[in-house]
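The values are calculated or read from the model by the stated rules, or taken from the named source; none is laboratory data. Every value quoted in this text rests on a predicted model; they were computed, and no experiment measured them. A quick note on method: Cβ atoms are made from the backbone with ideal geometry, for glycine too, and the neighbour counts reach across all protein chains shown. Just so you know, the surface numbers come from the protein's heavy atoms only, side chains and all, with ligands and any DNA or RNA stripped out. Shrake-Rupley method; radii C 1.70, N 1.55, O 1.52, S 1.80 Å.
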Amino acid sequence: MAASDLQKAMAMMIKVFYTYSGKEGDKKTLSKGELKELLTKEMGDVLGKNTNQAQLDNIFKDLDANADGCVDFQEYVTLCACITMLCNEFFSQKK
């Protein structure tokens, strides 16, 4: 049985996380630099290519719910869910 679209999307979210995590340390977390690379390469069209350091610092601080200095998978999924909700709201208003 082929994977559903939702299953494929979930697998892709996992793959993207591990593509960027671990380059600067723990494979199970994103450092600030890894998060910046992920956001720039994967979400640049949505967030804008000109995300400055202050904006990145704010995003990182907001995501790092347990204040351990890195973004774990749960915190990353929270980011993906929030951006998805904002996109849904944006496109719903265009109808």
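Results, tabulated for the structure shown:
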{"read-out": "Where a residue in segment 6-26 is in contact (Cβ under 8 Å) with a residue 60 or more places away in the chain and closer than 14 Å to residue 75 by Cβ and its partner, wherever it lies, is open to solvent by less than 100 Å² (accessible area, probe 1.4 Å) and not in a helix (DSSP H, G or I), with Cβ under 9 Å and at least six apart", "value": "none"}
{"read-out": "Any hit, segment 72-88, residues being surrounded by 16 or more Cβ atoms within 10 Å (Cβ to Cβ), more than 21 Å from residue 11 (Cβ to Cβ), at pLDDT 80 or above and in contact with a Leu (Cβ under 6 Å, 6 or more places away or on another chain)", "value": "no"}
{"read-out": "Looking only at segment 62-95, and only at residues there that are assigned to a loop (DSSP other than H, G, I, E, B) and not small (Gly, Ala, Ser), the one that is farthest from the chain's Cα centre (by Cα)", "value": "95"}
{"read-out": "Evaluation of residue 13 against (1) modelled with pLDDT of 80 or more; (2) open to solvent by less than 50 Å² (accessible area, probe 1.4 Å); (3) not charged (D, E, K, R) (one fails), failing number", "value": "(2)"}
{"read-out": "Counted residues, segment 27-38 - those being surrounded by fewer than 13 Cβ atoms within 10 Å (Cβ to Cβ) and in contact (Cβ under 8 Å) with a residue 12 or more places away in the chain", "value": "1"}
